[in-house]
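Visitor: Before I ask anything, here is the structure I am working with.
The values are calculated or read from the model by the stated rules, or taken from the named source; none is laboratory data. Computed from a predicted model, the values in this text were never measured in an experiment. Every residue, glycine among them, receives a Cβ derived from its backbone with ideal geometry; neighbour counts consider all protein chains shown. Surface accessibility is based on the protein's heavy atoms, side chains included, excluding ligands, DNA and RNA. Shrake-Rupley method; radii C 1.70, N 1.55, O 1.52, S 1.80 Å.
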Amino acid sequence: MPNPDPTQQYFEQTKALYGNELFVRDEKLDIIMEDGSLGPKSLSEYSFQISECMKCGLGEKRDKFVFGVGDPNANLLLIGEAPGEQEDIHGEPFVGRAGKLLDKILTAIDRSRGDDVYICNVLKCRPPNNRDPLPSEVEQCESYLHMQIKLIQPKLIVALGRVAGKTLLGLDVQLKEMRNETYEYTGIPLRVTYHPAALLRNSNFKAAAWDDFKWIRSFLEKN
Ligand code: URA
């Protein structure tokens with residue numbers, strides 16, 4: 001007798017159990033860790049696992065660990081550099097003046113931080129006096145970002161600012177040289193645009209940033 005078709009077998013078993021209603025499993029695939037164990041099932045579970053991190057010196061100095069915020073199934077993942085003073089106090093990325101501007105930009109592309117957008121930073125803890133992240137801090141923290149990306153599975157990653165772009169791409173060039181090109185980060189398309197704080201400092205950048213966000217909106221509509 002020929003081997004039964006596994007798909008047909010699955011549907012026959014499902015029908016025997018549940019009748020003619022078809023149930024589709026709306027879940028992302030399990031994440032298997034390097035040691036074979038099962039990875040976190042959700043961002044909230046993962047946040048709980050890592051939020052006491054002391055892998056680098058920033059852990060001792062932080063007020064709050066800033067994991068990230070937004071839609072866990074977002075198509076658009078925005079990545080900044082590191083929490084600043086306000087973010088350290090509130091435990092949420094981009095809550096200061098730059099964050100308010102970012103929210104306005106997201107509204108202009110018909111989204112918000114809870115709707116199809118997730119926001120996090122390369123570093124989860126605030127560097128003293130908002131200095132640039134050190135390579136050793138990035139090295140310790142980057143696996144957290146990788147796991148967030150696996151859990152969210154965004155269609156597009158956007159690095160906000162030169163430091164985030166440089167860190168994710170390993171490219172030490174001016175921001176304007178990073179723009180207008182689609183790269184890949186962990187296999188996912190990545191673009192780089194201005195940090196909202198740079199737009200507050202220099203409004204001449206706003207037109208180019210708006211072009212970038214129009215490109216982002218159209219990419220998400222097409223993919
Ligand atoms: N700047 C960043 O890069 N990230 C924040 O969360 C806030 C300001």
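Visitor: Identify all residues within the stretch 109-139 that are buried (at least 21 other Cβ atoms within 10 Å of the Cβ) and either farther than 18 Å from Val66 by Cα or in contact with a Lys or Arg (Cβ under 8 Å, 6 or more places away or on another chain) (or both); write none if there are none.
Guide: Those that are buried (at least 21 other Cβ atoms within 10 Å of the Cβ) and either farther than 18 Å from Val66 by Cα or in contact with a Lys or Arg (Cβ under 8 Å, 6 or more places away or on another chain) (or both): Arg111, Val117, Ile119, Cys125, Arg126.
Visitor: With the requirement that a residue be more than 16 Å from the ligand (Cβ to nearest atom) and either in a strand (DSSP E or B) or polar (S, T, N, Q) (or both), what does the stretch 148-182 give you?
Guide: Gln153, Leu156, Gln174, Asn180, Thr182
Visitor: Scan the stretch 89-101 and give yes if some residue there is open to solvent by 50 Å² or more (accessible area, probe 1.4 Å) and away from the ligand (no atom under 12 Å from the Cβ), otherwise no. Break it down stepwise before answering.
Guide: Of the stretch 89-101, the ones open to solvent by 50 Å² or more (accessible area, probe 1.4 Å) are 89-90, 92, 97, 100.
Next, only the ones that are away from the ligand (no atom under 12 Å from the Cβ) stay: none.
Among the residues of the stretch 89-101, not one is open to solvent by 50 Å² or more (accessible area, probe 1.4 Å) and away from the ligand (no atom under 12 Å from the Cβ), which makes the answer no.
Visitor: Scanning for something within 16 Å of the ligand (Cβ to nearest atom) and either farther than 30 Å from Asp211 by Cα or out of contact with any strand residue (DSSP E or B) (no Cβ under 9 Å at 6 or more places or on another chain) (or both), does the stretch 27-44 turn up at least one residue?
Guide: Checked the stretch 27-44: no residue is within 16 Å of the ligand (Cβ to nearest atom) and either farther than 30 Å from Asp211 by Cα or out of contact with any strand residue (DSSP E or B) (no Cβ under 9 Å at 6 or more places or on another chain) (or both).
Visitor: Follow-up. In the stretch 102-132, what count of residues is obtained for those that are within 19 Å of Lys214 (Cα to Cα) and within 11 Å of the ligand (Cβ to nearest atom)?
Guide: Looking only at that region, the number is 2.
Visitor: Now a separate question. Is there any pair with a first residue in the stretch 128-154 that is among the aromatic types (Phe, Trp, Tyr) and a second that is surrounded by 20 or more Cβ atoms within 10 Å (Cβ to Cβ) whose Cβ atoms are under 9 Å apart and which are 6 or more apart or on different chains, and what are they?
Guide: Once the first residue is among the aromatic types (Phe, Trp, Tyr) and sits in the stretch 128-154, its partners that are surrounded by 20 or more Cβ atoms within 10 Å (Cβ to Cβ) give Tyr144/Tyr46; Tyr144/Phe67; Tyr144/Cys120; Tyr144/Lys124.
Visitor: In addition: Restricting to the stretch 29-53, name every residue that is part of a loop (DSSP other than H, G, I, E, B), of a type in the set (A, V, I, L, M, F, W, C) and open to solvent by 100 Å² or more (accessible area, probe 1.4 Å). Show your work before the answer.
Guide: Initially, the stretch 29-53 is screened for residues part of a loop (DSSP other than H, G, I, E, B), giving 29-31, 33-37, 39-42, 51-53.
Checking the rest, the ones that are also of a type in the set (A, V, I, L, M, F, W, C) come to 29, 31, 33, 53.
Across the stretch 29-53, the qualifying residue is only Leu29.
Visitor: Right, another one. Among residues belonging to the stretch 161-179 that are free of Cβ contacts under 8 Å to residues at least 24 places away in the same chain and under 24 Å from Asn223 (Cα atoms), point out the one that is most open to solvent (accessible area, probe 1.4 Å).
Guide: Leu169
Visitor: Among Asn129, Asn73, Asn121, which is the only one that is among the polar types (S, T, N, Q) and over 23 Å from Asp172 (Cβ atoms)?
Guide: Sole residue among the options that is among the polar types (S, T, N, Q) and over 23 Å from Asp172 (Cβ atoms): Asn73.
Visitor: Pick from the stretch 54-88 the residues that are more than 9 Å from the ligand (Cβ to nearest atom), among the small types (Gly, Ala, Ser) and part of a loop (DSSP other than H, G, I, E, B): which of them is farthest from the chain's Cα centre (by Cα)?
Guide: Top of the filtered list is Gly57.
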